[in-house]
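The values are calculated or read from the model by the stated rules, or taken from the named source; none is laboratory data. Computed from a predicted model, the values in this text were never measured in an experiment. Note that we place each Cβ from the backbone using ideal geometry, even for glycine, and neighbour counts take in every protein chain shown. Accessible surface is based on the protein model in full, side chains and every heavy atom, while ligands, DNA and RNA are left aside. Shrake-Rupley method; radii C 1.70, N 1.55, O 1.52, S 1.80 Å.
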Amino acid sequence: MKKLFSFALAIIFSLFLTGCVGNSTQTPSQPISGVYKFDAINLNFIQNHQPEKVVYQDKSVVETKLNNEIKNQLAQKNLLSANSSEQIHIDLDYQREFVGEATFAKTDSIGNIFFTYEIKIIKNNEIVRAVTQNNKMRYNPGFFGNLKTIAGANRSDDFENGAIVAIAKELVEQIEKIK
């Protein structure tokens with residue numbers, strides 16, 4: 001019984017993992033203020049399967065939502081200033097994957113959102129700080145969200161909207177750590 005409980009606990013714990021910690025590099029050179037200008041991300045949107053019956057947000061909608069969410073979170077943490085001499089530049093690889101995409105049984109249900117990123121702080125046309133996450137990170141919608149994914153029930157924009165908020169949160173947390 002103890003082994004069964006331990007096994008079940010291990011499975012539940014593994015469902016909450018979101019990805020590996022990536023390669024983070026910071027290159028301190030000049031002092032920075034900690035408040036930044038931010039215009040927009042450079043989004044590389046990847047989607048290999050085209051759903052037949054369900055329509056999802058296109059790249060421009062996802063990009064707009066990501067930009068707005070990042071700006072909102074930066075503003076909430078007092079990291080955003082239009083007058084700053086330091087600019088945030090974010091390259092984001094965003095991959096939408098569907099349940100069964102790698103098999104003959106493709107579905108129209110979103111299975112995963114994966115992402116990698118590079119954040120650069122630019123001052124006087126020079127990169128003064130950089131953080132890179134090369135390992136694919138996976139959006140984790142939580143226990144019940146994962147069950148919904150397993151059941152192939154992610155057929156609305158709710159799952160992806162949750163991913164957008166989580167990705168923006170990850171990016172802003174990394175920006176906060178830059179010194």
Checklist entry - Could you count how many residues in the range 128-137 are of a type outside the set (A, V, I, L, M) and either at pLDDT below 90 or surrounded by fewer than 18 Cβ atoms within 10 Å (Cβ to Cβ) (or both)? => result 4
Item to check | The one condition in (1) without any contact (Cβ under 8 Å) to a residue 12 or more places away in the chain; (2) in contact with a strand residue (DSSP E or B) (Cβ under 8 Å, 6 or more places away or on another chain) that residue 51 fails to fulfil | outcome: (1)
Next on the checklist: Suppose we filter the range 150-177 for residues that are closer than 21 Å to residue 136 by Cα, surrounded by 14 or more Cβ atoms within 10 Å (Cβ to Cβ) and not polar (S, T, N, Q); how many remain?
Outcome noted: 13
Checklist entry - Got a sec? Which of 107, 103 is among the β-branched types (Val, Ile, Thr), in contact (Cβ under 8 Å) with a residue 12 or more places away in the chain and outside any helix (DSSP H, G or I)? => result 107
Next on the checklist: So, residue 145, is that one open to solvent by less than 30 Å² (accessible area, probe 1.4 Å) and either under 21 Å from residue 59 (Cα atoms) or part of a helix (DSSP H, G or I) (or both) or not?
Outcome noted: yes
Checklist entry - Any residue in the range 111-127 that is open to solvent by 40 Å² or more (accessible area, probe 1.4 Å), assigned to a loop (DSSP other than H, G, I, E, B) and at positive phi? => result yes
Next on the checklist: Looking only at the range 70-110, count every residue that is more than 28 Å from residue 135 (Cβ to Cβ) and open to solvent by less than 10 Å² (accessible area, probe 1.4 Å) and tell me the total.
Outcome noted: 0
